[in-house]
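Here's the structure we're looking at; comments come further down.
The values are calculated or read from the model by the stated rules, or taken from the named source; none is laboratory data. This structure is a prediction, so every number in the text was calculated from the model and none was measured. When we count neighbours, we look across all protein chains shown, and the Cβ atoms used for this are built from the backbone with ideal geometry, even at glycine.
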Amino acid sequence: MSTDGRAAVTTGIARLHASPGLAGPGRIGLVTNHTGVLPDLRPAAPALLDAGMRLVALFGPEHGLHGTGQAGESEAAQADPATGLPVHDTYRCDGERLDELLLDSGVDALVYDLQDIGARFYTYVWTMFDLLVSAARTGVRFVVADRPNPLGGLVSEGPLLDPGWASFVGRAPMPVRHGLTCGEVARLLNASLVPQVAGTAADLTVVEAAGWRRAAGAEATGLPWVAPSPNIPTPATATVYPGTCLFEGTNLSEGRGTTQPFEIVGAPYIDARFAPALAELALPGVHFRDLRYVPTFHKHAGRPLRGVQLHITDREAFAPVRTAVAMLATLRRLYPEDFAWRSADGGEEATGHRHFVDLLWGSDRLRRTVDAGDDPLPLCDPPGPPGRWAGDDVLLYA
C-alpha cells in the first residue's frame, strides 16, 4: 500500500470507472465475475453504470458470474440482481454459438475484467480468446481492463503448448507459467491465433493497470485479494497452482475438498517415504511436511489420505512447475504399482483415452519421460529469456 493507504496499482477497471469513455461508444457488455471489483471492493458492474457507462449485458466464465461453480461448472444464465442486466453464460460456448450469443446480446463492445493467475491451464484467458475470435467475426470491439499477474511477470516456466494438444486448458503455444497479464495475452493471441481462426484480428484495446511493474506479485500491488475461483482461496494457493494443478492428471488428490487445495497432495497409498524423499531433492524455496487428511469431496472423498503440504519459504526462489514435476517423478519411482495418470474424461487410465496431464502440459512428453524413469526437469525450461518469451511487442509493463 502507499503511505496514504491506497493501492499502489490502479487496475484497468478502476481507470474505466474514472473515465468510462475509454471503452468507446455504444452498448457495452461486461465479461466479468466476482473478481471484477474496484480497489475498494465495489462490484464493477453497478459502479460502471453509476459512472455513466452504457452497460447492457453481463457475460460470465467458468465458475459463473458469482463464482459459485466448482471446476468444470458455471451458473445458470439469469438476470443479475444487482443491476437487472441479463447474464450470458459463456462457459463451453464457442464458435457459431458464441457468435450468435454476441449478436443476440446487441453489444457494440465487450469489456473484459477477470482476475487471472498466470497459469496456461486457468481457463479465463481461453474464455477471453473465444470472445476475441467471436468479436473479430461479428465486428464487436474488445476492451481488456487489465490487472496484474499475481505471480509477477519476470518468470516463465515450462514448454510452449504443442498445438496438437490444444484444449480449453490451453489453446495456444504459451508456457505453463506464462508471466503475462490478461492484456498481454490478448495482444499475443490477437496478433497470432485470432486471425488464423477468425480470418482477421479483433478491434482490441487494452486499458493498462497503471503503476504495476513486472517484479510485483499479488501482495506488492496493494490490491485486495479476491479468490478467483473456489479452489484458489489465497495468494499462496495461486503461487503453487501452476505446478500442483498437474496432479489433476493423476490419481492423487490435489487437495480439493479441503481448506488448502493445491497446497497439499495425497493418496491412500502414500507412506512415510514420500516427504523425506522430496526433502532430499533440496528444491529451492519450499519445504515438504508429511500430513494426513480426508477430502470432503472430489478425489478420494471421505477416505484417509497421506501426503505432503508445500510450505513456501522463498517465493522468489520457488519454481512451482519444476517442483511439481520433481514430485511426479518421485511418486513414479517410489510407488510404481500404485501411481497412475487419469484420462482426460476424468476416469482412471484407460486405453483409447487421452491423458489429462498431457492436455495440462501441452504434450505427452512429461508423462512419457516420467514413465520411462528419465529426468523430466529439463522439460521445465522456458522457451526464452524470463518474462520475454512472448516478444517485446506484446509486453506492456517494465
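Numerical summary
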| item | result |
| --- | --- |
| Whichever residue in the range 356-375 is closer than 19 Å to residue 171 by Cβ and of a type outside the set (D, E, K, R) and, among such residues, is surrounded by the fewest Cβ atoms within 10 Å (Cβ to Cβ) | 363 |
| Enumeration of residues in the range 376-398 that are exposed (fewer than 13 other Cβ atoms within 10 Å of the Cβ) and of a type in the set (A, V, I, L, M) | 398 |
| Residue within the range 24-33 that is closer than 14 Å to residue 111 by Cβ, assigned by TED's automatic domain parsing to the domain that holds residue 140, modelled with pLDDT of 95 or more and basic (Lys, Arg) present | yes |
| Residue list for the range 209-235, restricted to those being under 24 Å from residue 15 (Cα atoms) and in contact with a strand residue (DSSP E or B) (Cβ under 9 Å, 6 or more places away or on another chain) | 209, 210, 211, 212, 224, 226 |
| The range 320-344 residues that are assigned to a loop (DSSP other than H, G, I, E, B), paired with ones that are hydrophobic (A, V, I, L, M, F, W, C) (beta carbon under 6 Å, 6 or more apart) | 339/331; 344/356; 344/359 |
| Options 171, 213: the member that is over 18 Å from the mean Cα position of the chain (by Cα) and of a type in the set (Lys, Arg) | 213 |
| Out of 281, 252, 310, sole residue that is in contact (Cβ under 8 Å) with a residue 40 or more places away in the chain, surrounded by fewer than 17 Cβ atoms within 10 Å (Cβ to Cβ) and of a type in the set (A, V, I, L, M) | 281 |
| Qualifying positions in the range 276-314 - in a strand (DSSP E or B) and in contact with a Ser or Thr (Cβ under 9 Å, 6 or more places away or on another chain) | 286, 287, 293, 305, 307, 310, 312 |
| All strands (runs of 3 or more DSSP E) inside the range 41-127 with 2 or more residues being in the same structural domain as residue 19 (by TED's automatic domain parsing) and free of Cβ contacts under 8 Å to residues at least 60 places away in the same chain | 55-60, 87-89 |
| Residue within the range 225-240 that is among the aliphatic types (A, V, I, L, M), assigned to a strand (DSSP E or B) and surrounded by fewer than 20 Cβ atoms within 10 Å (Cβ to Cβ) present | no |
| Single residue of 135, 109, 145, 119 found to be of a type in the set (A, V, I, L, M), surrounded by fewer than 24 Cβ atoms within 10 Å (Cβ to Cβ) and modelled with pLDDT of 95 or more | 109 |
| Of all residues in the range 313-333 being of a type in the set (Val, Ile, Thr) and within 18 Å of residue 370 (Cα to Cα), the one that is surrounded by the fewest Cβ atoms within 10 Å (Cβ to Cβ) | 330 |
| Count of residues meeting criterion [over 18 Å from residue 326 (Cα atoms) and in a loop (DSSP other than H, G, I, E, B)] in the range 256-275 | 7 |
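Residue-by-condition table, conditions (1) more than 19 Å from residue 380 (Cα to Cα); (2) at pLDDT 95 or above; (3) crowded, with 17+ Cβ neighbours inside 10 Å:
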residue: 273; (1), (2), (3): yes, yes, no
residue: 285; (1), (2), (3): no, yes, yes
residue: 291; (1), (2), (3): yes, yes, no
residue: 294; (1), (2), (3): yes, yes, no
residue: 348; (1), (2), (3): yes, no, no
